[in-house]
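A.B. asks: Take this structure, written in structure tokens, and hold onto it; I'll ask about it next.
The values are calculated or read from the model by the stated rules, or taken from the named source; none is laboratory data. All figures in this text were calculated on a predicted structure; none of them were measured in a lab. When we count neighbours, we look across all protein chains shown, and the Cβ atoms used for this are built from the backbone with ideal geometry, even at glycine. These area figures cover heavy atoms from the full protein model, side chains too; ligands, DNA and RNA do not enter into them. Shrake-Rupley method; radii C 1.70, N 1.55, O 1.52, S 1.80 Å.
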Amino acid sequence: MRRIEKIEPTLPPIARKKRVAAYARVSMETDRLNHSLSAQISYYSELIQKNPEWEYAGVYADSFISGTGTKKRTEFQRMIGDCEAGKIDILLAKSISRFARNTVDLLETVRHLKAIGVEVRFEKERINSLSEDGELMLTLLASFSQEESRSISDNVKWGIRKRFEKGIPNSFCIYGYRWNGEKFVVVPEEAEIVRLIYNNFLHGISAEQTEKQLAEMGVKSYTGQHFSNMSIRAILKNEKYTGNMLLQKEYTPSHIDHKTRKNNGELPQYWVADSHEAIISLATFQAVQEEIKRRRELGALANPHIPTSCFTSKLKCAKCGNSYRRHQYKRVNDTAANWECRGKSDKDQCDATSIPEPALKKACQDVLGLEKFDENIFTERVETIIVHKDHLLVFRMKDGEELHHTWEFKSTARTDCWTKERRGKMSVFQKRNPSHKRGTSCLTGHIRCEKCGENFHRQMYKRASGKKDARWFCSTHCGIGGIFEDTVHSICAKAMGLSEFDENTFREQIDHIGIVAKGRLTIYFKDGRTHGDTWSTKKRMPPLSEEHKRCIGEASRKYWRERKCQQEM
């Protein structure tokens, strides 16, 4: 038999539009390049939106940032993040040099985007990253772009060095002066602050203290921001305030990372004498440099506001080379100190041995042959102490001699603090605050018999119903009677103004409870108040269970039946 099937009409699937974005960048801040960046953004916005097969996904633009790196290009990083999130299918760029001038960065980025299915198109070079020969062409052209960047960098460096040879500085931003196109001109108000900074330093005032002073005076930095202690230190090291200039103090060896290095003789330097008006004298500047050198050699000892001792900067770790520092901590009756390697707080966390200060003093005393440790003699004779493992100390004396000593230490902290007075206080404390062990509660040590003066103790028992209960009795059994724990709880809650008993509130407010007589007590508060109350001493009968009631009923009926039979006989 024939079978007929109906075929429903189907519509062809509509292809999804490609989501397209573009990237633009300029490296210098000029009117011409600003116009170029605006033109790139407008061009790509119009190009993407007029293509019916494309969906506009935005234009990412970095301004005034070099293309030799990617870390500082925030828009570039945001664009890569959107690609990873699946928001972009195609990326457009004017040229390889606009995308990146570092061959490694370019290839890594393009390969990463290719792996997640994002196509990169470079308009000038007509390269598609998904094509077969795309990566080969990218490698060649990216190398040319990087070499072009190096050539531009070398040309800029050459121009800077030529200006240095003529005595023209490369940087013109300096507090106290303004550049008029030919030389530095003094700003009187700022010059007074510079003189104050130098004068403070020569009188032993630290940069941090000067920072606070300038903040109180309302003085701002060259950029109008807070005058930091780092800016103050930079001013103290800047020779331009003497009316002279030292050019090429730093240089940039690589055009890729743009990191500056201190010029320690790698390149020539140029001293330009009497190039502009001086704010301070050359003698004052040299005196400040000598003081900076002296303080650097002294380390922490140079700052009178840092608590130091004769061992400061003298103890060195044999393992990591860091200095030891004093760590003071409180004990019961006094304070004690240990010397610990600074490397313990570093990422690597040096595991060098810490030295108790008494052990250190005893070792110094033995090495120097003293009956008692003397700081002055130690400072005069000992240069440094190298701390090795296994409690070994190497003393390097100022006369060149080297001595080895192994230190020993037995702590007496426990016996020193366990005085007769402290023992008595601890005894009282433990009576009032027993540890939370079996059979204790917050009431332990706080219920006292006012007849004999002894504490009440807790006794647990089971009722007929099986429920556990607690009752408090005088420990001497003087006949004053006992009190149920739930009765104490209800009386205390009432005295404290609570709806139910709370242990923490009890500890905070109530000192102790005095049992005056049977059925009568007094609550003594910590603030001096007292509260008297009474309770029923009637013997508690346990509640009868249903089984118990049934047995009593049967026994009662049996009794009356037997009595009735006897009467009838």
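A.B. asks: So ILE174 passes all but one of these: (1) in a helix (DSSP H, G or I); (2) open to solvent by less than 60 Å² (accessible area, probe 1.4 Å). Which condition number does it fail?
C.D. replies: (1)
A.B. asks: Output the residues belonging to segment 73-85 that are in contact (Cβ under 8 Å) with a residue 12 or more places away in the chain and either open to solvent by 20 Å² or more (accessible area, probe 1.4 Å) or in a helix (DSSP H, G or I) (or both). Don't jump to the end; show me each part of the working.
C.D. replies: Here is the first cut: in segment 73-85, the ones in contact (Cβ under 8 Å) with a residue 12 or more places away in the chain are 73-76, 78-80, 82-84.
Result: THR74, GLU75, PHE76, ARG78, MET79, ILE80, ASP82, CYS83, GLU84.
A.B. asks: Next question. What number goes with the only condition from (1) at pLDDT 85 or above; (2) open to solvent by 60 Å² or more (accessible area, probe 1.4 Å) that ILE355 does not pass?
C.D. replies: Unmet for ILE355, out of (1) at pLDDT 85 or above; (2) open to solvent by 60 Å² or more (accessible area, probe 1.4 Å): (2).
A.B. asks: Report yes if SER435 is at pLDDT 75 or above, closer than 30 Å to ASP469 by Cβ, of a type in the set (Ser, Thr, Tyr) and in a loop (DSSP other than H, G, I, E, B), otherwise no. So that I can check it myself, show each step before the final result.
C.D. replies: Details: at pLDDT 75 or above: no; closer than 30 Å to ASP469 by Cβ: yes; of a type in the set (Ser, Thr, Tyr): yes; in a loop (DSSP other than H, G, I, E, B): yes.
No; evaluated as a whole, the condition is false for this residue.
A.B. asks: Still on this structure, I have one more. Looking at segment 531-563, which of its residues are modelled with pLDDT under 75, charged (D, E, K, R) and surrounded by 10 or more Cβ atoms within 10 Å (Cβ to Cβ)? Spell out the reasoning first.
C.D. replies: Applying the first criterion (modelled with pLDDT under 75) to segment 531-563 yields 538-545, 548.
Add one more test, that the residue is charged (D, E, K, R), and what stays is 538-540.
Scanning segment 531-563 gives a single hit, ARG540.
A.B. asks: For the list (1) modelled with pLDDT of 75 or more; (2) under 40 Å from the mean Cα position of the chain (by Cα), I need the number of the one condition that GLN40 fails.
C.D. replies: If we test GLN40 against (1) modelled with pLDDT of 75 or more; (2) under 40 Å from the mean Cα position of the chain (by Cα), just (2) comes out false.
A.B. asks: Next up: Among the residues of segment 217-233, is any open to solvent by less than 40 Å² (accessible area, probe 1.4 Å) and within 18 Å of GLU290 (Cα to Cα)? Give the steps one after another, and end with the answer.
C.D. replies: Let us first name the residues in segment 217-233 that are open to solvent by less than 40 Å² (accessible area, probe 1.4 Å), namely 219, 221, 227-229, 232.
Imposing the further condition that a residue be within 18 Å of GLU290 (Cα to Cα) reduces the set to 232.
Yes: one or more hits.
A.B. asks: Now, a different point. Six or more apart or on different chains, Cβ atoms under 6 Å: show the pairs whose first residue is in segment 351-368 and within 18 Å of THR312 (Cβ to Cβ) and whose second is open to solvent by 50 Å² or more (accessible area, probe 1.4 Å) and outside any helix (DSSP H, G or I).
C.D. replies: ALA352/LYS319; SER354/GLU340; PRO356/PHE409; ALA359/PHE409
A.B. asks: Sticking with this structure for a sec: Taking only segment 39-56 into account, find how many residues are open to solvent by less than 30 Å² (accessible area, probe 1.4 Å) and not in a helix (DSSP H, G or I). Steps first, answer last, please.
C.D. replies: We begin by selecting, within segment 39-56, every residue open to solvent by less than 30 Å² (accessible area, probe 1.4 Å); these are 40, 44-45, 48.
Right, trim to not in a helix (DSSP H, G or I) and you get none.
Looking only at that region, the number is 0.
A.B. asks: In segment 514-530, what residues are open to solvent by less than 40 Å² (accessible area, probe 1.4 Å) and either part of a loop (DSSP other than H, G, I, E, B) or of a type in the set (Ser, Thr, Tyr) (or both)? Give the derivation first.
C.D. replies: Quick first cut of segment 514-530, residues open to solvent by less than 40 Å² (accessible area, probe 1.4 Å) only: 514-515, 517, 519, 521-523, 525.
Residues satisfying the conditions are GLY519, THR522.
A.B. asks: Follow-up question, since we're still on this one. Return only the number of the condition from (1) touching a Ser or Thr at 6+ places or on another chain (Cβ under 8 Å); (2) over 25 Å from TYR461 (Cα atoms); (3) in a strand (DSSP E or B) that ASP511 does not satisfy.
C.D. replies: With respect to (1) touching a Ser or Thr at 6+ places or on another chain (Cβ under 8 Å); (2) over 25 Å from TYR461 (Cα atoms); (3) in a strand (DSSP E or B), ASP511 is out only on (1).
A.B. asks: Of the residues ARG423, ARG448, which is part of a strand (DSSP E or B), open to solvent by 50 Å² or more (accessible area, probe 1.4 Å) and either over 17 Å from THR534 (Cβ atoms) or modelled with pLDDT under 80 (or both)? Reasoning before the result, please.
C.D. replies: Values: ARG423 fails: part of a strand (DSSP E or B).
On inspection, the qualifying residue turns out to be ARG448.
A.B. asks: If the Cβ limit is 9 Å and pairs must be 6+ apart or interchain, which residue in segment 484-501 that is within 13 Å of ILE447 (Cα to Cα) pairs with which residue that is among the small types (Gly, Ala, Ser) and surrounded by 14 or more Cβ atoms within 10 Å (Cβ to Cβ)?
C.D. replies: Listed by first residue and then by second, the contacts come to PHE484/ALA470; GLU485/SER441; GLU485/ALA470.
A.B. asks: Need pairs with beta-carbon distance below 8 Å; first residue assigned to a loop (DSSP other than H, G, I, E, B) and within segment 96-119, second surrounded by 15 or more Cβ atoms within 10 Å (Cβ to Cβ) and of a type in the set (D, E, K, R); sequence gap 6+ or separate chains.
C.D. replies: GLY117/ASP89; VAL118/ASP89
A.B. asks: Could we say that CYS364 is touching a helix residue (DSSP H, G or I) at 6+ places or on another chain (Cβ under 7 Å), open to solvent by less than 60 Å² (accessible area, probe 1.4 Å), under 30 Å from ARG471 (Cα atoms) and modelled with pLDDT of 80 or more here? Give the steps one after another, and end with the answer.
C.D. replies: Working: touching a helix residue (DSSP H, G or I) at 6+ places or on another chain (Cβ under 7 Å): yes; open to solvent by less than 60 Å² (accessible area, probe 1.4 Å): yes; under 30 Å from ARG471 (Cα atoms): no; modelled with pLDDT of 80 or more: yes.
So CYS364 fails the test.
Yes or no, residue by residue, for (1) charged (D, E, K, R); (2) closer than 15 Å to LEU315 by Cβ; (3) at pLDDT 90 or above; (4) surrounded by fewer than 16 Cβ atoms within 10 Å (Cβ to Cβ):
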residue: GLU371; (1), (2), (3), (4): yes, no, no, yes
residue: THR379; (1), (2), (3), (4): no, yes, no, yes
residue: ILE386; (1), (2), (3), (4): no, yes, yes, no
residue: LYS389; (1), (2), (3), (4): yes, yes, no, yes
residue: LEU393; (1), (2), (3), (4): no, yes, yes, no
residue: GLY400; (1), (2), (3), (4): no, no, no, yes
residue: GLU408; (1), (2), (3), (4): yes, no, no, yes
residue: THR412; (1), (2), (3), (4): no, no, no, yes
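A.B. asks: Taking only pairs six or more apart or across chains, which ones have beta-carbon atoms under 6 Å, a first residue in segment 275-286 that is in contact (Cβ under 8 Å) with a residue 12 or more places away in the chain and more than 13 Å from LEU196 (Cα to Cα), and a second residue that is open to solvent by 30 Å² or more (accessible area, probe 1.4 Å) and part of a loop (DSSP other than H, G, I, E, B)?
C.D. replies: Listed by first residue and then by second, the contacts come to HIS276/LYS183.
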